[in-house]
Amino acid sequence: MVSKSAFVLSCASLLGLGLFAFPAHAVLPNCSVSALTSLAIPNMTVTSAIDVPAAAGLPEFCDILGTVATDGEGAGPSTSAFRIDLPDNWNQKFVFNGGGGFDGSTSRGSALELTKGYATASTDSGHPSSVGSTFAFTSPGVPNEPQLVDYFYRSRHQVGIAAKRLVLAYYKAKGIAHSYFTGCSNGGKEGLMEAMRYPDDYEGTVSGAPWMDPLGTELWVLKNVKALVNAWIPPSAYPVIDAAVTTQCDAADGVADGLIQNPAVCSFNPDSLVPATLTQAQADALKLIIRPVVQDDGAFIYPGSPVSGLGTSVGSEERPTPPTDPTGTQPWGTLAAGPGNWGLSFGMIVNLGFYGQPVNLMTGVVETNGIFQDSALDVLYANLARNIVDQPSRLRQYLAKGHKLILWHGYSDSIITPYKTVQFYEALAAQRGGYREAQEQVRLFMLPNTQHCGGGPGPNTFDSLTAIENWVEQGIAPESLVASHSTSGVVDRTMPLCKFPEKARYVGGNVNDAASWTCASRDRSLLKVGRNGRQAGLRAGGDDDDERDDDR
């Protein structure tokens, strides 16, 4: 999982136009450990301060590393590392950048953030990346509460408070004009966590591909991994699978342009690839990947996979060669040898959920048919409830203050199913009285054929920072976001991303040009659910749904 949104407008084109130019190195007088330490920010220790000269279109800025002592909120003391960047051209604003996966590292402010003049901050959430997910326990079965609480929510809140104090002291300012939080994946979850637990921290939040139910997500991954461990699919089949899905569903949104705007309406049947590409067992594995996570009594836990990018999803769940020990604790021999999705699933379930106790995920949690055992779920949800932010009602205080939230997710995400974000927004709209009411403060943008926080053939680069600025500061809500796709650094497609539940409508001309598309107000196309959507556990939210199919 990436640490923060890759979907921001590249500064390269702006720099090429000469719109940003910064003076040569002028030496920032307060950019030193001694000067910053003298500001006496509570709980903060500065360990490094580097004056970075203006270069490549970026302003001069002070790059600061250090730690913040964390305490309280249900756990004892600990420390969290931070990185704070303070530009010479400060715009009186602040942005906190979320992390990714199990965190463990800090990140520098993006080119766009620094060019705009933002003071930026990030944290490792209380542990270094070298420990992976093992920070969660002190010994098998014994939780490391201070570091768990830091990772779940405490670190970002308390580092954010200290960072803002440093910003004010450094610039000798009376206040910060506007504060934002932005992140993708775990960073997207962290943005929601901040909004729900600390509604005063930020006025605007950009939450991409949010890992809002990390346990449910990794149960979904485990289901998928086990399906493929039992019926390994060779890499040569991946593009064939995706091509078959595109052939079946591409034109469902009104034009055959290589993109699937709503995979939930598709009717792809993996059996159609038997026997030319797949065996029946392999086709059955794909059907299980599409289906939701359920428990022993059939109760719904977490939605299944979209069929757009299904071949990519398969590739993320397995290695190019079959597992060496399909029923072992580590099917690929070691954790490091397995695919990235397996590492996230093992880390979340075994290390954070069971606190490092020995568990064989292939035999002790999920059955061959993808059904999860109640006894395991009871323990896991009890231990990981604090890390879950999938209840939109918890945004009530944040929204009552007038704050704004932009959500976005790629429809071909193989790391976190986009259907979870869709269900979250549908529930929010129901609580707010409808989509028009929800859109007053929260807007969702779905990206066709875009993978996890980037990648894929769909338009996947857009400027979410300016969009949230305009909404918070000027009251201009984003009706759509123009996104682009590039190949080898060259833009080869642009397209508007419409606010959910609208889809982009083709009006004629070059399909690769955003001018050939429009967003129709009050369109409800993304609420429609067909065969594949029902198989994934979605319920129809629009009109003209496909006929029901018994193959579910």
Which one of the conditions (1) surrounded by fewer than 18 Cβ atoms within 10 Å (Cβ to Cβ); (2) under 15 Å from E190 (Cβ atoms) does S107 fail to meet, given that it meets all the rest? (1)
Only strands (runs of 3 or more DSSP E) wholly contained in region 471-552 count here; list those with 2 or more residues that are loosely packed, with under 15 Cβ neighbours inside 10 Å, at pLDDT 95 or above and over 22 Å from the mean Cα position of the chain (by Cα). 490-498
Hits in region 345-378 - residues which are touching a Phe, Trp or Tyr at 6+ places or on another chain (Cβ under 8 Å) and at pLDDT 95 or above: G347, N351, Y355, G356
Could you list, in sequence order, all residues of region 338-381 that are of a type in the set (A, V, I, L, M) and under 23 Å from H127 (Cα atoms)? L344, M348, I349, V350, L352, L380
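Is it the case that L259 is in a helix (DSSP H, G or I), at pLDDT 95 or above and not β-branched (V, I, T)?
So L259 fails the test.
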Region 165-186, residues that are buried (at least 18 other Cβ atoms within 10 Å of the Cβ), out of contact with any Asp or Glu (no Cβ under 9 Å at 6 or more places or on another chain) and part of a helix (DSSP H, G or I): L166, V167, Y170
Which residue is surrounded by the most Cβ atoms within 10 Å (Cβ to Cβ), if the candidates are limited to region 393-408 and must be farther than 14 Å from S179 by Cβ and among the charged types (D, E, K, R)? R394
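Residues that are among the aromatic types (F, W, Y) and in contact with a Gly (Cβ under 7 Å, 6 or more places away or on another chain): find the helices (runs of 4 or more DSSP H) completely inside region 271-353 holding 2 or more of those.
Once the helices (runs of 4 or more DSSP H) in region 271-353 are filtered for at least 2 residues that are among the aromatic types (F, W, Y) and in contact with a Gly (Cβ under 7 Å, 6 or more places away or on another chain), nothing remains.
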Looking at region 377-425 only, could you name the residues that are touching a Leu at 6+ places or on another chain (Cβ under 9 Å) and among the small types (G, A, S)? A385, S393, G410, S412, S414
Could you identify the single residue in A427, A467 that is crowded, with 20+ Cβ neighbours inside 10 Å and in contact with a Pro (Cβ under 9 Å, 6 or more places away or on another chain)? A467
Select from region 411-454 the residues that are free of Cβ contacts under 8 Å to residues at least 12 places away in the same chain and not charged (D, E, K, R) and list them in ascending order. A429, A430, G433, G434
Residue check for I64: assigned to a loop (DSSP other than H, G, I, E, B) and either over 20 Å from the mean Cα position of the chain (by Cα) or more than 19 Å from Y180 (Cβ to Cβ) (or both): no
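The values are calculated or read from the model by the stated rules, or taken from the named source; none is laboratory data. Please read all numbers here as calculations on a predicted model, not as lab measurements. Quick reminder, even Gly has a Cβ in these numbers, built from the backbone with ideal geometry, and neighbours come from all protein chains shown.
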